[in-house]
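Asker: Sharing a structure, written as structure tokens. Questions coming.
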Amino acid sequence: MLKDKMLYGLNDVTIVPATLSSINSRSECDVYYIGPCLPLFAAPMSSVIDDTNYKVFEDSGIRTVIPRNIPFERRMDLSDKVFVAVGLVEFRNIVENMELPTRHFFCIDIANGHMKSVYDLCKMAKEKFDRKISIMVGNIANPLTYHEICKKYPGVIDYIRCGIGGGSCCTTSANTSIHYPMASLISEMRKCKEYYHGVGLYDVCPEIIADGGFHNFDQVIKALALGADYVMLGNILARCEEACGDTIEEYNVDAYPKAIVHNEYSDDDYSIYKSYVKLREYYGMSTKKAQKEFGGEGNKTAEGIMRYVPVEYTLEGWVDNFKSYLKSAMSYTDFREIEDFVGGPTLLPMTNSAFNAYFK
């Protein structure tokens with residue numbers, strides 16, 4: 001049955017500035033949650049994060065999730081410090097057979113976050129471990145799923161990843177047609193969260209993590225303005241020097257003068273123009289390569305691809321730019337605190353031509 005409803009992606013909406021802002025300088029705006037941490041997570045991808053570099057991202061204010069290719073024992077060693085990704089079988093083993101003396105952080109890293117059995121298991125975990133466990137689940141692509149979690153599993157899930165098929169290496173939507181555009185998905189989930197907060201139930205709703213398909217600062221800021229508590233990044237962070245994926249060096253043909261590209265000069269004539277670009281392997285955890293990395297046979301149907309992305313900047317440089325752009329957006333919309341900016345500004349739909357007018 002087709003329901004007639006317009007859905008919007010992040011490039012279909014724009015943030016409207018406040019009529020009059022009381023903020024005189026973006027330096028008045030605070031982009032950190034208590035921690036301090038930025039409203040960002042690094043995706044649990046083996047081409048971005050591992051057990052040797054996660055501290056660099058954490059120190060920059062970006063929260064991390066250790067991916068499943070890291071041995072289980074090592075992930076358990078880290079789980080009292082940062083989120084670690086676990087499969088459903090691994091998490092069931094933890095719940096049924098292990099004790100947790102201190103607080104631990106687990107991300108149930110599965111493609112289909114709509115399975116009721118997942119939330120039943122999480123409820124068991126919370127009943128057993130109480131406040132000694134924080135649980136992240138995902139991904140989901142239906143705002144009604146978020147409503148059901150809040151209503152039937154209040155306080156069980158701490159963080160929910162939303163978005164299916166939007167990632168640059170994810171082919172789920174292209175092959176299954178399962179998808180919900182990100183702007184509409186975040187907005188509708190946020191309405192649910194605000195309803196429960198409005199009646200004084202602050203602990204029943206998971207924090208919303210927008211996950212997949214972010215390529216530029218404006219998309220990240222729009223997701224926060226729409227109501228995502230965090231944005232999870234893969235592609236953007238894979239381009240940082242500090243990411244952990246394998247790299248290669250190739251000629252950067254775009255840097256050559258045209259005459260050289262067309263072989264009008266000898267090697268000796270243009271040796272001074274030789275330029276290299278560092279490329280990093282970038283792939284999702286549903287690719288066959290990733291399946292093999294965390295113990296699978298890698299022969300099931302993959303829902304992701306591998307590609308190479310250029311290593312373009314340092315993590316410090318990207319984070320500094322992000323903070324500046326986010327503070328600027330907050331000053332335009334008259335929000336001094338990130339907690340107020342999340343879900344606070346007015347956003348309106350816009351046409352493709354309107355988007356193309358500013359996206360250069």
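Asker: In the stretch 124-182, if the dipole is taken from +1 on Lys/Arg beta carbons and -1 on Asp/Glu beta carbons about the Cα centre, which of 139, 177, 160 is farthest to the positive end?
Answerer: 160
Asker: Further question on the same structure: Calculate the length of the line joining the C-alpha centroid of the stretch 331-358 to that of the stretch 50-123, in whole Å.
Answerer: Centre-to-centre (Cα) distance: 33 Å.
Asker: Using a ≥ b ≥ c from the Cα gyration tensor of the stretch 65-140 (square roots of the eigenvalues), is it rounded, prolate or oblate, where a/c under 1.5 gives rounded and otherwise the larger of a/b and b/c decides, a/b for prolate? Don't jump to the answer; show the numbers that get you there.
Answerer: On the way: a/c = 1.66, a/b = 1.11, b/c = 1.49.
It is oblate, given that a/c is not under 1.5 and a/b is not larger than b/c.
Asker: Please state, rounded to one decimal and in Å, the Kirkwood hydrodynamic radius that the chain gives when every pair of distinct Cα atoms enters the mean of 1/r.
Answerer: 21.8 Å
Asker: Sorting check: for 195-201, 322-328, which peptide has the highest mean count of neighbouring beta carbons within 10 Å, and how do the rest follow?
Answerer: Final packing ranking: 322-328, 195-201.
Asker: Can I ask one more? Please go through the stretch 4-109 and write out the GluC sites (Glu not before Pro) that DSSP classes as loop and that have at most 16 other C-beta atoms within 10 Å.
Answerer: On the way: sites: 28, 58, 73, 90, 96, 99; in loops: 99.
Those that pass, being in a loop and sparsely packed, are 99.
Asker: Within 10 Å of each candidate Cβ there may be at most 16 other Cβ atoms; applying that plus a DSSP loop requirement, which trypsin sites (Lys or Arg not before Pro) in the stretch 49-149 survive? Working shown, then result.
Answerer: Working: sites: 55, 63, 68, 74, 75, 81, 92, 103, 116, 123, 126, 128, 131, 132; in loops: 68, 81, 103.
Answer by residue number: 81, 103.
Asker: With the chain treated as a Gaussian network of Cα nodes joined by springs under 10 Å, which of 43, 225, 18 yields the largest mean-square fluctuation?
Answerer: 18
Asker: Ranked from highest to lowest mean number of other Cβ atoms within 10 Å per residue, what is the order of the peptides 338-344, 227-233? Spell out each step's value before the answer.
Answerer: Numbers: 338-344: 19.1, 227-233: 25.1.
The peptides rank, most packed first, as 227-233, 338-344.
Asker: State which helices in the chain qualify, where a helix is a whole DSSP H run, it must extend 30 Å or more along its own axis by its Cα atoms, and its mean Kyte-Doolittle hydropathy must be at least 0.0. Please list the in-between numbers first.
Answerer: On the way: long enough: none.
None clear 30 Å together with a mean of 0.0.
Asker: Then there's this: Calculate the dipole size of the stretch 82-176 relative to its Cα centre from +1 charges on Lys and Arg beta carbons and -1 charges on Asp and Glu beta carbons; express the result in debye to the nearest 20. Walk me through the numbers before you get to the answer.
Answerer: Numbers: 11 positive and 9 negative charges, 46 e Å.
Taking the Cα centre of the stretch 82-176 as origin, the dipole is about 220 debye.
Asker: Also, I was wondering about something else. Considering only DSSP beta bridges whose two residues both sit in the chain, what percent are antiparallel, to the nearest 5?
Answerer: 35 percent
Asker: Among 82, 41, 117, which residue has its Cα positioned farthest towards the positive end of the charge dipole of the chain, with +1 placed on the Cβ of Lys and Arg, -1 on the Cβ of Asp and Glu, and the dipole taken about the Cα centre?
Answerer: Result: 117.
Asker: About the Cα centre, and with charges only on the beta carbon of Lys, Arg (+1) and Asp, Glu (-1), how big is the dipole of the chain? Nearest 20 debye, please.
Answerer: For the chain, the charge dipole is close to 1140 debye.
Asker: Roughly what % antiparallel, to the nearest 5, for the DSSP beta bridges in the stretch 1-115?
Answerer: Beta bridges within the stretch 1-115, antiparallel portion: roughly 10 percent.
No value in this document is a laboratory result; all are computed from the given coordinates. Values in this document were obtained by computation on a predicted structure and should not be read as measured data. With ideal geometry, Cβ positions are generated from the backbone for all residues, glycine too; neighbour counts draw on all protein chains shown.
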